[in-house]
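Asker: Below you'll find the structure I mean.
The values are calculated or read from the model by the stated rules, or taken from the named source; none is laboratory data. None of the values given here were measured: they were computed from a predicted structure. For neighbour counting, all protein chains shown are included, and Cβ atoms are generated from backbone atoms with ideal geometry for every residue, glycine included.
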Amino acid sequence: MSVRRTRTVVLVTLAVILGGVATPRAHHGSFISYDRDKQWTALATVTEFRYVNPHAQLFFEVKDKDGKVTQWSGEMLPNPAQLIASGWSRRRANEALAPGTVVNITALPAKAGGNTVLVTRVTNAKGEELLGAGPAAGAPAAPAK
């Protein structure tokens, strides 16, 4: 093998090794997109639950004191692998969060506004925690829309 070819192979190999080490690992920052200072808790009715990657999604309705219903979409903090590790299979989640189920939801609103939230805690009608990843319930009520 010539010196030139050897040098080329070494440089390419080094570039591949260093490129692999220097490659950033992409991950979105959930807490960056949501406002922790405006957390709220509300009684909600589940309209849909999606057990998907990278995070499960919960869609729900909240009725205000005047009876006005607001539709919300929420990203769940645990990903499906974390749900499975904590005993939350797709079947269990779909049963516990079936459409029409009334739950208490604690959420962080999106900094960009709208009706998108990060769901940090879900408790059932008995007060049992179904899913939790944030501060304890007792946050301010849902914002009026």
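Asker: Out of the residues in the stretch 49-65 that are in contact (Cβ under 8 Å) with a residue 40 or more places away in the chain and aromatic (Phe, Trp, Tyr), which is surrounded by the fewest Cβ atoms within 10 Å (Cβ to Cβ)?
Answerer: That would be 51.
Asker: If I ask for residues that are under 20 Å from residue 130 (Cβ atoms) and of a type in the set (Val, Ile, Thr), which ones from the stretch 41-77 would you list?
Answerer: Matches in the stretch 41-77: 41, 45, 46, 47, 52, 62.
Asker: Now for a different question. Go through the stretch 102-124 and count every residue that is more than 14 Å from residue 74 (Cβ to Cβ) and surrounded by 15 or more Cβ atoms within 10 Å (Cβ to Cβ).
Answerer: Qualifying residue count, the stretch 102-124: 1.
Asker: Same structure again: Would you mind listing the strands (runs of 3 or more DSSP E) fully within the stretch 25-108 where at least 1 residues are closer than 22 Å to residue 124 by Cβ, among the acidic types (Asp, Glu) and touching a His at 6+ places or on another chain (Cβ under 9 Å)?
Answerer: Once the strands (runs of 3 or more DSSP E) in the stretch 25-108 are filtered for at least 1 residues that are closer than 22 Å to residue 124 by Cβ, among the acidic types (Asp, Glu) and touching a His at 6+ places or on another chain (Cβ under 9 Å), what remains is 69-76.
Asker: Within the stretch 84-93, which residues are at pLDDT 85 or above and either in contact with a helix residue (DSSP H, G or I) (Cβ under 6 Å, 6 or more places away or on another chain) or within 12 Å of residue 130 (Cα to Cα) (or both)?
Answerer: 92, 93
Asker: Suppose the filter is at pLDDT below 95, charged (D, E, K, R) and either farther than 21 Å from residue 33 by Cα or touching an Asp or Glu at 6+ places or on another chain (Cβ under 7 Å) (or both); does residue 75 pass it?
Answerer: no
Asker: What is the residue count in the stretch 77-95 for residues that are of a type in the set (Gly, Ala, Ser) and under 12 Å from residue 58 (Cα atoms)?
Answerer: Matching residues across the stretch 77-95 total 1.
Asker: Would you tally the residues in the stretch 73-101 being crowded, with 17+ Cβ neighbours inside 10 Å and among the acidic types (Asp, Glu)?
Answerer: Adding up the residues that qualify gives 1.
Asker: I'd like to verify a number: residues in the stretch 84-104 that are farther than 15 Å from residue 55 by Cβ and not small (Gly, Ala, Ser), how many?
Answerer: Here the count works out to 9.
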